[in-house]
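Trainee: Starting off with a structure, shown below.
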Number of protein chains: 2
Amino acid sequence: MSTLPEISDAEWTVMQVLWERSPQTAAEVVDALDGHAAWAPATIKTLLGRLIRKGALTYTEDGNRYCYRPAVDRAACIRRAGRSFLDRVFAGDPMPALEHFVRSEPLSDDQIEALRRLLDERREGGTR
Amino acid sequence: MSTLPEISDAEWTVMQVLWERSPQTAAEVVDALDGHAAWAPATIKTLLGRLIRKGALTYTEDGNRYCYRPAVDRAACIRRAGRSFLDRVFAGDPMPALEHFVRSEPLSDDQIEALRRLLDERREGGTR
DNA sequence: TGCAAACGATTACATGTGTAATAGATTACA
DNA sequence: TGTAATCTATTACACATGTAATCGTTTGCA
């Protein structure tokens, strides 16, 4: 509803952790990112703070620490990021993007099968 | 070969024009973007200059004006952007990305057919 | 042959981003 | 009960980005 905030690259990393499980304290997010991102804890705190300010996260206080949770819908953010990627790289046209990923990314036979089924559904499911 | 430069959102818009046709002078690029981007000519000059500095464009001089042309491969930039998008939004996993686009973007029956054929090739064509 | 137009280069500037240290408040343990 | 650990908030800072105006030079037309 209210306009989605812009979420930067580093911020996505943090959001993913909280979309995966929430609420979490800053310390838990730091733990979850251990290894994945070589960030100082202070860096993660900064990102959490910025995401609060942008309205992408909310928190409840628990003693002196915050319990963070997403305030924006993951699917909506994915749609926005997908659209933005299509516009930037493929002039908004989904077809060459799909061809690109099918051609250049590794897919197992099972995954290929699943995609075929999905395409079948799409064809029946009406134009939209 | 030499590491691809980072190309920003606005810069992509300019690169697309030159990948589409090159070389072009700044004035031609401005024309090509007329309507598409509501940019002052000066803005486009700035972007061309930055792309030169980054090594994404080269130019030859023609009188007092430059003829710009891409210095980086479009396909390579697309691969990089695709990978970066996958990493950011789908934890690097192509399958949910493909599902997302198939589900959320409009595709004609012909396009769906083409994708099916492409998936067939992929299945035969060996894992890589 | 002089002036206006056009060109690229330089400068501008607010905001975003990556990356983090520090300061001030609080809390938990000894 | 005091002190060390831990929180969030504040501050830092260089570089990227979007967006453009201006400057100095060249050039083409009158």
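The values are calculated or read from the model by the stated rules, or taken from the named source; none is laboratory data. Small disclaimer: the values here were computed from a predicted structure and weren't measured. Glycine also receives a Cβ, built like all others from the backbone with ideal geometry; neighbour counts cover every protein chain displayed. The area values use the complete protein model at the heavy-atom level, side chains included, leaving out ligands, DNA and RNA. Shrake-Rupley method; radii C 1.70, N 1.55, O 1.52, S 1.80 Å.
Trainee: Give me the accessible area buried between chains B and A, both sides summed, with a 1.4 Å probe, in Å² rounded to the nearest 100. Mind dumping the intermediate values first?
Mentor: Details: alone 9410 and 9360 Å², together 14430 Å².
For chain B against chain A, roughly 4300 Å² becomes buried.
Trainee: A further question follows. Keeping all protein chains in place and using 1.4 angstrom, which order do B:19, A:12 fall into by accessible surface area, from largest down?
Mentor: B:19, A:12
Trainee: Within chain B, what whole-number % of the accessible surface is contributed by carbon and sulfur, with the 1.4 Å probe and all protein chains included in the calculation?
Mentor: Ligands and nucleic acids excluded, carbon and sulfur give 47 percent.
Trainee: Using Stokes-Einstein with the Kirkwood hydrodynamic radius over Cα pairs, what translational diffusion coefficient do you get for segment B:74-124 at 4 °C and a viscosity of 1.567 mPa s, in µm²/s rounded to a whole number?
Mentor: Details: Rh = 12.3 Å.
Translational D for this selection: 105 µm²/s.
Trainee: Near the amide H of residue B:66, under 5 Å away, which other amide H atoms are found, from residues 5 or more places off or on another chain, if H is placed in the peptide plane?
Mentor: Hits under the 5 Å cutoff: B:26.
Trainee: Turning to a different aspect of this structure: Please build a GNM for chain B, connecting alpha carbons under 10 Å apart, and tell me which residue among B:44, B:52, B:112 fluctuates the most.
Mentor: In this elastic network of chain B, the residue with the biggest mean-square fluctuation among B:44, B:52, B:112 is B:112.
Trainee: Given springs between every Cα pair under 10 Å in a Gaussian network model of chain B, which of B:104, B:84, B:22 has the largest fluctuation?
Mentor: In the Gaussian network model the winner is B:104.
Trainee: Something else now. Pop out the ³J(HN,Hα) list for segment B:9-23 in order, Karplus 6.51 cos²θ - 1.76 cosθ + 1.60 with θ = phi - 60°, rounded to Hz; leave Gly and Pro as x.
Mentor: 3J(HN,Hα) across segment B:9-23, in whole Hz: 4, 4, 5, 4, 4, 6, 4, 4, 4, 7, 5, 5, 8, 7, x.
Trainee: Just from the alpha-carbon atoms, what are the Rg and Dmax of segment A:9-70 in angstroms?
Mentor: 10.4, 31
Trainee: Only four residue types carry charge here, +1 at the Cβ of Lys and Arg and -1 at the Cβ of Asp and Glu. Report the dipole size of chain B about the Cα centre in Debye, rounded to the nearest 20.
Mentor: So the magnitude is around 520 debye.
Trainee: How many percent of all Cα-Cα pairs in chain A sit more than 22 Å apart?
Mentor: Everything past 22 Å amounts to 52 percent.
Trainee: Could I ask something else about it? Other chains near B:11-18: what is the mean number of their Cβ atoms within 10 Å of each residue's Cβ?
Mentor: 1
Trainee: Note the angle between two axes, namely the Cα long axis of helix B:109-124 and the longest principal axis of the Cα atoms of chain B, as a number of degrees from 0 to 90, rounded to the nearest 10.
Mentor: Approximately 70 degrees, to the nearest ten.
Trainee: Then there's this: Taking only protein heavy atoms into account and a 1.4 Å probe, give the accessible area per residue of the protein assembly as shown in Å².
Mentor: About 56 Å² of surface per residue is accessible.
Trainee: Out of A:76, A:38, A:97, any idea which swings most in a Gaussian network model of chain A, alpha carbons joined below 10 Å?
Mentor: The residue that fluctuates most here is A:38.
Trainee: Let me ask something else. Report, as an integer, the average count of C-beta atoms from other chains found within 10 Å of each Cβ along A:106-115.
Mentor: Details: counts 5, 7, 2, 3, 1, 7, 7, 2, 3, 9.
Other-chain Cβ atoms within 10 Å of each residue's Cβ, averaged: 5.
Trainee: About its Cα centre, how strong a charge dipole does segment B:74-124 have in debye, to the nearest 20, once Lys and Arg get +1 and Asp and Glu get -1 at the Cβ?
Mentor: The dipole of segment B:74-124 has a size of about 380 debye.
Trainee: Further, regarding this structure: FRET efficiency for residue B:121 and residue B:99, Cβ-Cβ distance as r, R0 = 22 Å, nearest 0.05?
Mentor: 0.65
Trainee: Hey, another quick one. Let me check against my output: what whole-number percent is the relative contact order of chain A, with C-alpha pairs under 8 Å and at least 6 apart?
Mentor: On the way: 86 pairs, mean separation 26.8, N = 128.
About 21 percent, as a whole number.
Trainee: Next up: Putting +1 on Lys and Arg Cβ atoms and -1 on Asp and Glu Cβ atoms, find which of A:91, A:107, A:3 reaches farthest to the positive end of the dipole of chain A.
Mentor: A:3
Trainee: Between the alpha-carbon centers of segment B:36-58 and segment A:2-55, tell me the distance in whole angstrom.
Mentor: 33
Trainee: Average partner chain C-beta neighbours within 10 Å, per residue of B:79-85?
Mentor: Counting Cβ atoms of other protein chains within 10 Å of each residue's Cβ and averaging gives 4.
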